[in-house]
Every structure is written in structure tokens, then in C-alpha cells.
Amino acid sequence: MNEMRKNVKIAVIVPVYNGGKFLPEFLECLERQTMKDFEAYFVDDASTDDTAFLLQEAVRANEAFHYMRNEQRHGAAFSRNRGIADSESEYVLCLDADDMFAKDLLGQLATTAEEYHADLVMLERKDFSSDRLSESDSVRRKNAFLQDDRELYVKVPFQVKEQPQDFMLRCQNATYDRMVARSLLDEYRIHFQDLPSSNDVYFALFSMFAAKRIVHTHTFDVLYYRRLHSEPDRISNDRDPMCAYEALYAVKEALQKYNMWKECCVHFWIFALDSLEKQLFVCKREDRRRQVYQYLQMEGLQKLGVFDDLYFVKLPECYKKQFARLGTAPYDEKCFEDSMTFHALCESRMDKIAEIFSYAQEKGLKIGYWGVGRATEGFVAAAAAIGENVDYLIDNNREKQGKSVYGMTIVPYDMVAGQADFIIISNKQYYDEIFRQIKSGREDKQVLCIQEYLYSGCRLEECIR
């Protein structure tokens, strides 16, 4: 292992398990960084492929790289904690060895952190497929940042308590989209939990709550590219919702310990609802899912402060309603299969949803709602409450096409491209991809990202592209 340099600006912490397939690209991204005041700590979690060879070669060639190996597999949380403990730097950035990033990633982070003396610096990331980062993906977005996201970062620096109550839903919550000051980690003993899944929740979530000076990089261009893939020999796909609960409970205890609960509890509860419903939804073991669901109803939600906490009255009614649903609905109703947080969002913005239909009727437009997933029912229910409905439900997933939901048949876009003039995109994650597909057919199509519109303070016309 190379000798550590003192007073390094950024320590990049990288846990690796059987990452040989992707390491060359990752190492190249690090080597071409324009900012050189960093060190990288690779923690090999007992890999059985050529990871050790690749990393040892990289360490020999670059004095800023360090290699350490776990003799038996401990997981990403243990490895990250080990890397952080062994490093010395002003800031810590935890990355994943199968991802890629822009050459000015560290430079953008360092410049912003220095200007604002930040505790935490956030950045923009984008997902790409497991095969490769295509040329179109690698072209960094300019002026494509959605308005509701821009609104979150108007004030610099800021604290979570100064942000909208649903802020934690709207910002990204991971380890690779933020750089954290070591002083913050040391002051509050922030670490990665030893859990089979959701082991990064405590680190990512509590650091946000604890930070007094949060900023976003000066650029809203994409700096980090997260690889989407599923390789059972490298990562766990069996998400245990109980791990998510344990992580959330640890965050609650820390907020109370450090006297942050009163100011942050509403932000925490809204995030907790979203986190729990998602983890219940993705859990593959039916018996485990039922067990955790019943535990939440019997005592888990109450231990998180839901219903009985002194400050629960501060939670908006639309979220109270969804917590009541989670706390009382029979398991077989599987209320978590629809996004309860999106239900709450739609209910709280009924006036904006009504404006969509008024606009379409005034312009004589047929509405297509693109994306039949967890966020669909919330919008459809809100529309039905005001006596409205979309004209088409669109989804390019062939397994969904032809099925009837909410009294409508799901159709592919090509079937209704000539009739649907106004397309509402339900999933913000895929907005760019869907937008390009729509506009490549007819530039005059009107497109709306529903989450951008509902979250932002903008008028409808300002969000239509």
C-alpha cells in the first residue's frame, strides 16, 4: 500500500467485490481527473476474480491509490468503514467500482466545498445500462435539469429543515451522489451499518440531517453515471424490508440523541413512508414481507413515532392518511404495491391536477399517461376525484400491454402516437429517454413530467416541453 499523503482534500472510498469486469473503466475515470488533490482507497472484499491483480497494478502505477483486502467477505458497509478509517482527508466520497464519472467530478466537488465551507456537497447522477455507457448517455446534459429540482438548491448553503417537507423524496439519496466532510462524520460518528441490505441508509440519511451547510455543485450537468445491472454473484437482490426499518430506527434514535428530532421529524416520516413501502414492494420472499408488514402494524410504526409522537400533528394530512392505510390495511390488500407517497403528493396538489384537464380541454388535446407502475394509481385516483380521466394509458413494456387497469387498456405508444397530443410522463427517472422518443416522432407533441409539475411552484405552461 502506498504511503498516505497528509492534508489531502478528498478520500475516494471504493469497496470492490469481483469487480474485474468493470474496474478498468472505473480506474480510467479516476486517472483522468482534472483535480489531483485526492487519494483513492480500494477495499477488496475477498474477491475471487482478477480484482486483486488489477488493483495492485493500479496502486503500483499511481501513488494516490491504496489497496487493502478483507480475507473473508464482509460486505460493502464493512469495507467502506474500513476505507474511511484508514484514510486521511478533509472530505470523503464513497463510490461504486462498477460506475463511471466525468473527469471534473472531483474538481467540481472540491471547488464548491471550498467556496461554501460545506459539510455536504450534492451532485447530479444518471443511470445507464449494464452493457456500456453509450455515446448519447455520455453527452452531459445541459440545461435539462428539471425546474422542481432547481428550486431545491436556490438557497446556498442550506439545511434539511429549511427545505420543503418532501425534500428527502425529491433529492437523490445514495452514497455516490454526495461528498461529506470528515469533520461531520467524526462529530456524529456517522458510519455504514452492518446490515444485509439498506446498510447505506443511515450514512446517507443522517449525514443530510446533521449537515448545517449543504450545497449543490455549481453545475447541474451529470457528473456521475450509475450502472444498472443485476449480477447475483456480485450484489444481493434480496432486499429485506426489516433492514430498511432498522436503518430508519437508527436514524430516529440519532436525531433524538442530538436534539434534531423536533425540526426534522416530518422530513423523516415522509422519507420513512417512501422507504418502507418500496422495500416491502421489492422483497421477493412473501413470508418475510408479511412478517415485516405485521411487525410494522403491531409496533414498528409506533416505534418510529408514527401516530403517537408529540410532533406527529405537524405531518400533512395527506401523509397521515397514507400512514393510517399502512398501519391498518390487511396484508392481502398489499397497499405498498402503489406508491403511497405519490398518492399523498397528488392529493395535496388537486388544484394542479385539475389544471391539467382544463388546459387539455381548452386546447382540444387528447391526454396520454405514459408509465403504468406504482405511481399510476395516485394520479388516476386524484383525477377520478374531480371527475376526470386520461384518454390513454401508455407503456412500452410488452408484458403490460393489453391488460386492463382502472377501466382502461394499456397500449404501446406507437398505437396512439397519432391521437395523443399531450403526453404525461409518470416516471421522472426515465423522463429524458421517453421525451426523446416522443419528440423524435413529432416535435409539436406537448410533454409534461408530472413529478416536476406537482413538486414545483411553476404554472402548467412553464413545465410543458
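The values are calculated or read from the model by the stated rules, or taken from the named source; none is laboratory data. As the structure is a computational prediction, the values presented were derived from the model and not from experiment. Every residue, glycine as well, gets a Cβ built from its backbone with ideal geometry; the counts of neighbours run over all protein chains shown. These accessible areas exclude ligands, DNA and RNA; they are computed on the full protein's heavy atoms, side chains included. Shrake-Rupley method; radii C 1.70, N 1.55, O 1.52, S 1.80 Å.
Brief remarks follow.
- Sorting 432, 49, 44, 351 on solvent-accessible area from highest to lowest, probe radius 1.4 Å, gives 351, 49, 432, 44.
- The residue list 20, 110, 35 was ranked by how far each Cα lies along the charge dipole of the chain toward its positive end, using unit charges on Cβ atoms, and 110 comes out on top.
- ³J(HN,Hα), Karplus 6.51/-1.76/1.60, whole Hz, each residue of segment 279-296, x for Gly, Pro: 5, 5, 5, 8, 4, 8, 8, 4, 5, 5, 4, 4, 4, 5, 4, 5, 5, 4
- When the residues 257, 36 are ordered by accessible surface, computed with a 1.4 Å probe over the protein chains alone, the sequence from largest down reads 257, 36.
- Of all accessible heavy-atom area on segment 206-314, the percent that carbon and sulfur account for (1.4 Å): 49 percent
- Cα-based shape type of segment 162-232, given that a ≥ b ≥ c are square roots of the gyration tensor eigenvalues and the cut on a/c is 1.5: oblate
- The relative contact order of segment 401-449, computed from alpha carbon pairs under 8 Å that lie at least 6 residues apart in sequence, is 34 percent.
- This model, with +1 at the C-beta of Lys and Arg and -1 at the C-beta of Asp and Glu, gives segment 338-456 a dipole about its Cα centre of some 220 debye.
- For segment 354-460, the equivalent ellipsoid derived from the alpha-carbon gyration tensor has semi-axes of 18, 17, 14 Å in decreasing order.
- Burial order of peptide ranges 10-20, 304-314, 272-282 (average beta-carbon count within 10 Å, highest first): 10-20, 272-282, 304-314
- Evaluating 6.51 cos²θ - 1.76 cosθ + 1.60 at θ = phi - 60° for every residue in segment 90-97, the Karplus couplings come out as 7, 10, 10, 10, 9, 10, 10, 6 Hz, glycine and proline recorded as x.
- Placing +1 on the Cβ of every Lys and Arg and -1 on the Cβ of every Asp and Glu, with no other charges, gives the chain a dipole of roughly 520 debye about its Cα centre.
- Label assignment, Cα extents along the principal axes in Å derived from the structure, set [x] 68, 52, 43; [y] 99, 61, 45; [z] 76, 62, 35: [x]
- 5 angstrom amide H check on residue 65, placed H, neighbours 5+ away: 40
- Our coupling estimate for segment 410-420, obtained by passing each phi through the Karplus curve with A = 6.51, B = -1.76, C = 1.60 and θ = phi - 60°, is 6, 10, x, 4, 4, 5, 10, 4, x, 9, 7 Hz, Gly and Pro reported as x.
- Solvent-accessible heavy-atom area per residue, rounded to whole Å², over the chain at 1.4 Å: 43 Å²
- Whole-angstrom gap from segment 253-330 to segment 61-78, using each part's C-alpha centre: 36 Å
- Exposure ranking of 459, 82 by accessible area [1.4 Å probe, largest first]: 459, 82
- Mean residue ellipticity, 222 nm, helices only, the chain: the sum of -39500 (n - 2.57) across DSSP H runs of n ≥ 4, divided by residue count and rounded to 500, is -12000 deg cm²/dmol.
- One Cα centroid belongs to segment 141-210, the other to segment 346-423; the line between them spans 32 Å.
- Under a 5 Å amide H cut-off, with hydrogens placed 1.01 Å from N, residue 94 pairs with 13 among residues at least 5 apart or on other chains.
- Counted over segment 232-346 with a bin width of 5 Å, the fraction of Cα pairs per bin, in whole percents, is 2, 11, 23, 24, 19, 11, 6, 2, 1, 0.
- In terms of its C-alpha gyration tensor, segment 426-465 has an oblate overall shape, because the principal axis ratio a/c (a ≥ b ≥ c, square roots of the eigenvalues) is not below 1.5 and a/b does not outweigh b/c.
- Close amide H pairs (under 5 Å, H built 1.01 Å from N) link residue 20 with 50, 51, residues at least 5 positions away or on another chain.
- Length-normalised contact order for the chain - Cα pairs under 8 Å, 6+ apart - percent: 12 percent
- When both bridge partners sit in the chain, DSSP labels roughly 20% of those beta bridges antiparallel.
- Size of charge dipole - segment 161-272 - debye, nearest 20, with Cβ of Lys, Arg +1 and Asp, Glu -1, no other charges: 380 debye
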